[in-house]
1. Which helices (runs of 4 or more DSSP H) does the stretch 221-335 wholly contain that include 2 or more residues that are under 18 Å from the mean Cα position of the chain (by Cα) and within 15 Å of the ligand (Cβ to nearest atom)?
2. Give me the pairs, please: first residue somewhere in the stretch 287-300 and within 8 Å of PHE262 (Cα to Cα), second residue anywhere and among the β-branched types (Val, Ile, Thr) and near the ligand (Cβ under 8 Å from one of its atoms), beta-carbon distance under 9 Å, and either six or more positions apart or on two chains.
3. Under 9 Å by Cβ, and 6 or more places apart or on different chains, what pairs join a residue from the stretch 135-154 that is polar (S, T, N, Q) with one that is within 16 Å of the ligand (Cβ to nearest atom)?
4. Name the helices (runs of 4 or more DSSP H) wholly within the stretch 4-94 that hold at least 2 residues that are aromatic (Phe, Trp, Tyr)?
5. Go through the stretch 4-33 and count every residue that is free of Cβ contacts under 8 Å to residues at least 40 places away in the same chain and touching a Lys or Arg at 6+ places or on another chain (Cβ under 9 Å).
Amino acid sequence: MVAVNTSDLHATAEAMVADGKGILAADESSGTIAKRFAEISVESTAENRRGYREALFGAPDLEKYISGVILYDETIRQQMSDGAPMPRYLASRGIIPGIKVDKGLVTFRPGSSEQITEGLDGLNDRLVEYRELGARFAKWRALFHIGPGLPTELCIHDHAWLLGRYARMCLDNGIVPIVEPEVLMDGDHDMARDAEVTRAVLHAVFAELRAHEIDLRGMVLKPNMVTPGSKVFDTATPAEVARATVDVLRECVPAEVPGIAFLSGGQTEEQATKNLDEIAKLGPHPWHITFSFGRALQSSALRAWAGKASNQEQARQALIERASENSRVLVAAGR
Ligand code: 13P
C-alpha cells in the first residue's frame, strides 16, 4: 500500500472535473470493443485495438478539452508507435490516466434479467499495480435495468454496497474512484420513471459511500442523465431532460462531491452535447458539471478511422470536434 496523501486525492478529483474539461472513456472491454469494431468491419486484434487508441490519444490539443482518459487493462500496458507506454504518454501531455477496474457484468440471479458487477477479488493488488503503471483514478460501473418490478431493491442494495467497497479500496490505495451507477436508457419508460429509479439508486449509493467512510472530496460521480427510455426518447426536450436531471442530482448528491461527469449511455453525439449544454445552463451548481462520454465522443472518430492508420488524422479531427464542442458548451455556460 502507498502512503496516501489526501490533498493529492482532492487535487486529482478537482483536476478531473476542471472547468471546460471532460473525461474520455476509452475503456471498452475486449468484448465491447469487438462489437464496436464489428460495426465498422474491423477485426478486433491487439494491434488494431492499440492502433485505434493511438489514433485517439495522439489528437492534437486533446489536453485542452480532456482532463483524463479511462483505460482498459490491455491498453494501460500498450505503447504508442514510438514505444512510449500509453499512460506515460497521456501524463506527459497533462492528461490524467485512469483505469476501469470492474470485471464486467454477470446475471444477478438465475432467470433474472438484472445484472451485477464483478471484480472485487484481487482488486487491492490490481490497484497497487495500476498505480505503478500510472493510473491516478479508477472506474467501476454498476448497471440498473428499468422494467416491470425492476430494478429490485436487492440489486440496488448490492450494487451500492459494491460501489462503496470499491471506492474504499481505491482511496486506501491513493486512487480517485469514479463511482458510476448507470440507469440504463433501454425501454419505453417515461422520464418520471427514470427519475424515480435514478433517485432511488443515488440515495442507496450515497448511503453506502457514507457507510464506507468515503471522503466525498476525493471522488467523482458518473451518473446517467435523466431521460425518457430509448424507445420514447423524443418525448422530452433537452431543457426538460436537464431540469429532471438537475432536480434529482440536487436532491441526492452532496455538495462536497467535486464533480459530476455524465456518461452518454447510448445517446447520439449531438443529443448528449445538447443535453449537457442545457444542464450546464441551469447552473451554478454545487458541483462541477462535465462529460465522461464513451460513444458520444468516439462514434464519429471510430467511423473515420475505419481500421486504417492512414485515416488517423481524420479520426483525430472527429474526436477533437466532439471534445471541443462539449467543452465549449460548458465554458459558454460559465461553469
Ligand atoms: P458511454 O458514454 O458510451 O455510455 O460510455 C461511458 C462509460 O464509461 C460506460 O461505462
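1. 269-281, 295-305, 312-332
2. That search, which allows pairs on different chains as well, returns SER292/ILE70.
3. Partner pairs satisfying both residue conditions: none exist.
4. 46-57
5. 1
Any read-out appearing in this document is the output of simple, stated calculations on the displayed coordinates, not a laboratory observation. Predicted model, so just to flag it, every value in this text is computed and none were measured. Heads up, the Cβs are rebuilt from the backbone with ideal geometry, glycines too, and the neighbour counts pull from every protein chain shown.
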